[in-house]
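One structure is given here, and the rest of the page talks about it.
Read the figures in this text as sums done on the coordinates, not as results from a lab. On a predicted model such as this, the values are computed, not experimentally measured, just so you know. Here the Cβ positions follow ideal geometry from the backbone for every residue, glycine too, while neighbour counts run over all protein chains shown.
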Amino acid sequence: MNFIFSLFILTGIIVAAANGRIDIITTAAMTSAANAVQRAITLIGIISLWLGIARVAEESGLINILSRLIAPLFRWLFPSIPKGHPALGCILMNLSANMLGFGNAATPFGLKAMQELQRLNDKPDTATEAMCTFLAINTSSVTIVPATLIALRASTGSQNPSEIMGAVLFATTCSTMAAILGDIVIRNLYRRRRSY
């Protein structure tokens, strides 16, 4: 990938120089750098807000309450995780952040969930079923409110930045259902193969 992007950049510079328009490259580089800084500052605010809310929810015990409420679903998705294990809270926080469209804020909770799941692993060099299920669901990332995407659209001057919500919800619901179904099918095939 680095080679391909380097080739694009180098080709652009060569074509601009051959046409006597090297000033376009400089202008584009400066404009892109300014836009990147502006978008980064916008995203820092959103991520900071979510991490603050997540910390308050964790300290107030809201995470434990939510974990108990969705325990039946988690019990079905993650049957190998013991009741009340810290991995469930981390998975809940990760999925909540993804549902609200804060993918960057979800990453620390995802890493912590994997650490907690690794503690339950009898074979440290092999991923468990719970790890694979979590990875499949996390990768599909069902999104109810695509907050980061809405913020990016707003920062680029979109007249209606939230108009994508329906399409995003439909697409991510389909991808999550496909991930769960695929995980169940592959898990059952693997168990059947091991039993022979």
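As a proxy for reagent exposure, ranking D183, D122 by other Cβ atoms within 10 Å from fewest up yields D122, D183.
Once you order the gyration tensor axes a ≥ b ≥ c over the Cα atoms, which shape class does region 79-182 get: rounded for a/c under 1.5, otherwise prolate or oblate by comparing a/b with b/c? Prolate, because a/c is 1.5 or more and a/b exceeds b/c. Using alpha-carbon positions, what is the distance between the centroids of region 138-152 and region 120-135, in Å? If we compute the Cα centre of each part, the gap is 26 Å.
Among L149, L120, the order by Cβ neighbours within 10 angstrom, fewest to most, reads L120, L149. Rounded to the nearest 20 debye, the dipole magnitude of region 93-196 is 360 debye, with +1 charges on Lys and Arg beta carbons, -1 on Asp and Glu beta carbons, and the Cα centre as origin. Between V37, V145, V168, the residue with the greatest mean-square fluctuation in the GNM of the chain (Cα pairs under 10 Å linked by springs) is V37.
If the elastic network links every pair of Cα atoms under 10 Å, which of I25, I53, I91 fluctuates the most in the Gaussian network model of the chain? Looking only at I25, I53, I91, the largest GNM fluctuation is found for I25.
This ranking places K83, K112, K123 by how few other beta-carbon atoms lie within 10 Å of each, fewest first, which gives K123, K83, K112. Given region 105-166 reduced to its alpha-carbon atoms as identical point scatterers, what log10 I(q)/I(0) does the Debye formula return at q = 0.19, 0.21 Å⁻¹? Result of the Debye calculation: -0.76, -0.83.
Need one number: the % of Cα-Cα pairs in the chain sitting beyond the 32 Å mark. Considering the chain, 35 percent of its Cα-Cα pairs are separated by more than 32 Å.
Largest mean-square fluctuation among I180, I65, I24, in a Gaussian network model of the chain whose springs join Cα atoms under 10 Å apart, belongs to I24. May I ask for the distance between the Cα centers of region 154-169 and region 10-49, given as a whole number of Å? Using only Cα atoms, the two centres lie 23 Å from each other.
Here the Kirkwood formula, the inverse mean of 1/r across different C-alpha pairs, assigns region 1-47 a hydrodynamic radius of 12.4 Å.
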